[in-house]
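Reviewing the structure listed below.
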Protein chains: 2
Amino acid sequence: MTRLEDGARTDVLVVGGGIIGLAVAWRARQRGLAVTVLDPRPGGGAALVAAGMLAPVTELQYGEEPLLHLGIASNRRYAEFAAELAAATGLETGYRATGTLAVALDADDKAELGELHAFHQRLGLDSTWVTGREARKLEPMLAPGVRGGLHVADDHQVDGRRLLTALLRACERAGVVLHRAEAAELLVEHDRAVGVRTGTGERVTAGRTVLAAGCRSHRLPGLPDGVLPPVRPVKGQILRLRIPAPYRPFLSRNVRAVVRGAHLYLVPRADGELVVGATSEEQGYDTTVTAGGVYELLRDAHELVPGITELPLVETGAGLRPGSPDNAPLLGPTALPGLVAATGHYRNGVLLTPVTADLLAEYLATGTVPALAAPFSPSRFARSSA
Amino acid sequence: MTRLEDGARTDVLVVGGGIIGLAVAWRARQRGLAVTVLDPRPGGGAALVAAGMLAPVTELQYGEEPLLHLGIASNRRYAEFAAELAAATGLETGYRATGTLAVALDADDKAELGELHAFHQRLGLDSTWVTGREARKLEPMLAPGVRGGLHVADDHQVDGRRLLTALLRACERAGVVLHRAEAAELLVEHDRAVGVRTGTGERVTAGRTVLAAGCRSHRLPGLPDGVLPPVRPVKGQILRLRIPAPYRPFLSRNVRAVVRGAHLYLVPRADGELVVGATSEEQGYDTTVTAGGVYELLRDAHELVPGITELPLVETGAGLRPGSPDNAPLLGPTALPGLVAATGHYRNGVLLTPVTADLLAEYLATGTVPALAAPFSPSRFARSSA
């Protein structure tokens, strides 16, 4: 069990009540730990805006095989994770085993998807090449110009907002303390993190402090230099359309494409919502929805699925993906004793939620870093520069 | 003075508390009449969505000279109308004497604007041809491809929302009764309109009943056939962007263009709002904001003023312009004694508000139709088919 400092109020203090922080808190509580989540507005963060695509295979990048394994592990846990949450809370998460279709709009796209398909095959991943005709048979709303692509049967989807709501309730029911306050300063005593001072001056002390504050994690005052690499904000603008009943299903699975170099995806939910994402902009802590961002998404989506023209545009939004220096998450103990990281999930926060929660809870309960988490040590950048 | 029916509760009952209904009510009250406005939510209607461009010269259509005269008369009254409203209420209307620049993006547009300019000159209107270079000197954010156009010094702007708020307060202060209920049925007795039954069954009787319910005017149950022509809804989708302080003024006057056959306008307000309008869609009583509508506005605006890309997109909306069969307003007494029309203003409701209010008040107070209103008699369609 976690060693407690003198005067500690909780075993584990999670800073940040977004999707990662809440899931870690819930799982850690299930392991018998006393857990507090510190956040002025728990249930917020990037997952409120995210499309919720669970696509480790379709989104595979060269050189990111460790991340692929983590993503696949998380994806495999999702059905059970969602079922367990539903049983605990009575709330649905919108988890849907739809599969994903990634299509090419021109010869370059086709060549790129062809290489991805070959890579999938070398890794033994389930991924099927489809012709343009087959793609349109799967998704009749696709533009006539679609030249084929990849059908990935195991890349699914979940609704980030429903998931946040369910996790918040699961935490409350499990006895996680939700402390609605700002984290103003990390408390470090005798070279050990011992908790956080809140914006109102209160000390919340803990055996372990878990930083799960997304792109604000490394900006917590009091954090010693070199303990956590910068977690930069990568802005994503996203649209929510509605599919009126007479048009349904409209799309039956996630549809992805690269349009003019931008990654576009359309995620159709069971309740008729159609999420269209996302821009990727590195310009600081700005969540403004811009005319240009919305324009590009609509233009590209229109090229891929012309029929969206008729759909109501219900909502526009922007969130900040937390990007570590190598775009892989920061999981587990830091160089500062008592301080643990669960952040830097970049584009994969929703996907990696179940596995992150399991790995962190295991570490918090046992003090041992599970093998699956080892490649994602927050200290990996310090090591490589040493 | 207006002859009152037995048991009448008011001299004038205005059905519809949009911009036209409120302005008519205010002016009629100033003439000493007892006035009631019937609307479940007064201060609403198409002006809530409108850009508020006051552009009778730039928007001139061939064969619409009577409407031009009405528009110019209203435009000339605007500064005083706004000042009077401000004095009565302490509220600003956002009236701004900016002028308007109508530009051409290709050779066809240029030819069309050239013809409009010649037409302006024949009619003695103030309209100056500018080259592309001169246009960009006036508005440096214009796309390099702009080929010139027309500078119309007297076509200005007002903020429809502020105007509604001010009119509502002016009515309240002047003693207009705001009756917050639905009009369920026109009451006709002895071949005369005598008021309205409300949705809750109440009878509100009046010497004159003024129909100012926009595109719902002709659908009032109880309205005898042939008294009012249909007033069709013409949907307009519109965007509201924000010009952050460092970018201002961004644009200094209204900018218009025809892009791919669609009329586009950008109206920059003093408070940093930039309105981009508008689609024109005839598809019934539908105010859905669609992916296609927003896409087209952003695409065309981006072509005209590429710098909009950086601007926050704050709001999207849709309203219904009330279009009569000839797109000109319906002003004055109808064939049914006691029933008066003030509707069908189509794209010109905000522009025509001051003159409509003055003409209707004059008629309601004196029983004489002013000469300026005569071409817009609601009976003109019945006459032409007879």
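On the protein heavy atoms, probe 1.4 angstrom, tell me the percent of accessible surface of region B:1-108 carried by carbon and sulfur.
Working: 2020 of 4150 Å².
Roughly 49 percent, rounded to a whole number.
Send over the per residue convex hull volume for region A:317-378, Cα only, as a whole number of Å³.
On the way: hull volume 5.7 nm³, N = 62.
Normalising the Cα hull of region A:317-378 by residue number yields 92 Å³.
Taking 22 Å as the straight-line reach from the Cα of B:K110, the lysines in range (excluding those fewer than 8 positions away in the same chain) are B:K137.
Looking at region A:231-324, which GluC sites (Glu not before Pro) are in a loop (DSSP not H, G, I, E or B) and have at most 13 other Cβ atoms within 10 Å?
Filter output for region A:231-324: A:E282.
For region B:229-300 and region B:38-82, compute the distance between their C-alpha centroids and round to whole Å. Each part's Cα centre sits 16 Å from the other's.
Gyration tensor analysis over the Cα atoms of region A:1-156 returns equivalent ellipsoid semi-axes of 40, 17, 14 Å (largest first, whole Å). All Cα-Cα separations within region A:101-159 were binned at 5 Å from zero, giving a P(r) of 5, 20, 28, 23, 16, 8, 1, each value a whole percent of the pairs.
Compactness ratio of the protein assembly as shown: Cα Rg over 2.2 N^0.38 Å, N = residue count? Walk me through the intermediate numbers first.
Numbers: Rg = 31.7 Å, N = 772, 2.2 N^0.38 = 27.5 Å.
Here the answer is 1.15, to two decimals.
Would you work out if region A:105-244 is rounded, prolate or oblate? Take a ≥ b ≥ c from the square roots of the eigenvalues of the alpha-carbon gyration tensor; rounded if a/c is under 1.5, else prolate when a/b is larger than b/c, oblate otherwise. Because a/c hits 1.5 or more and a/b exceeds b/c, region A:105-244 counts as prolate. The trypsin sites (Lys or Arg not before Pro) of region B:165-257 that DSSP puts in a loop, and whose beta carbon has at most 12 other beta carbons within 10 Å, are B:R180.
Summary: within chain A, the longest segment free of chymotrypsin sites (Phe, Trp or Tyr not before Pro) located in DSSP loops with at most 15 other C-beta atoms within 10 Å is A:63-284. For region A:197-318, a Kirkwood radius taken over Cα pairs fed into Stokes-Einstein (37 °C, viscosity 0.692 mPa s) yields D = 192 µm²/s.
Tally the DSSP beta bridges in chain A and give the antiparallel ones as a percent, rounded to 5. Numbers along the way, then the final one.
Numbers: 49 of 68 bridges.
Antiparallel: roughly 70 percent of the beta bridges in chain A.
Averaged over its residues, the protein assembly as shown has an accessible area of 39 Å² per residue, based on protein heavy atoms and a 1.4 Å probe. Shape call for region A:1-82 from the C-alpha gyration tensor, a ≥ b ≥ c root eigenvalues: rounded (a/c under 1.5), prolate (a/b greater than b/c) or oblate? Judged from the Cα gyration tensor, region A:1-82 comes out prolate (a/c at least 1.5, a/b above b/c).
Measuring how big chain B is from its alpha-carbon positions, Rg and Dmax come out at 21.0, 68 Å. Note on A:285-292: average number of Cβ atoms from other chains within 10 Å of each residue's Cβ is 6. For region A:161-208, the calculated P(r), taken from all Cα-Cα distances in 5 Å bins from zero up to the bin holding the longest distance, is 5, 20, 19, 16, 17, 15, 6, 2, 0 percent. Dividing the summed -39500 (n - 2.57) terms of all DSSP H runs of n ≥ 4 by the residue count of chain A sets its mean residue ellipticity at 222 nm at -9500 deg cm²/dmol.
I'd like the mean, over residues of B:300-312, of how many other protein chain beta carbons sit within 10 Å of each residue's own Cβ.
Working: counts 0, 2, 5, 0, 0, 1, 1, 2, 4, 6, 5, 4, 7.
Shielding by partners across B:300-312 averages 3.
So if each residue of separation counts as 0.36 nm, and I subtract the Cα-Cα distance between B:S252 and B:D108, what length gain in nm does that give? Could you put the intermediate results ahead of the total?
On the way: separation 144, 0.36 × 144 = 51.84 nm, distance 2.59 nm.
Value of the extension gain: 49.3 nm.
Size of the dipole of region B:294-386 about the Cα centre, Lys and Arg at +1 and Asp and Glu at -1 on the beta carbon, nothing else charged, in debye to 20?
Details: 5 positive and 8 negative charges, 96 e Å.
Here region B:294-386 has a charge dipole of around 460 debye.
In this rough spin-label picture, where each label sits 7 Å from Cα along the Cβ direction, the B:A79-A:K137 distance is 7.2 nm.
Would you work out if region B:265-343 is rounded, prolate or oblate? Take a ≥ b ≥ c from the square roots of the eigenvalues of the alpha-carbon gyration tensor; rounded if a/c is under 1.5, else prolate when a/b is larger than b/c, oblate otherwise. List each step's numbers first, then the result.
Working: a/c = 3.10, a/b = 2.25, b/c = 1.38.
Prolate.
The values are calculated or read from the model by the stated rules, or taken from the named source; none is laboratory data. Being a predicted model, the structure only gives us computed values, none of them experimental. Backbone-built Cβ (ideal geometry, glycine too); neighbour counts: all protein chains shown. Heavy atoms of the whole protein, side chains included, go into the accessibility calculation; ligands, DNA and RNA do not. Shrake-Rupley method; radii C 1.70, N 1.55, O 1.52, S 1.80 Å.
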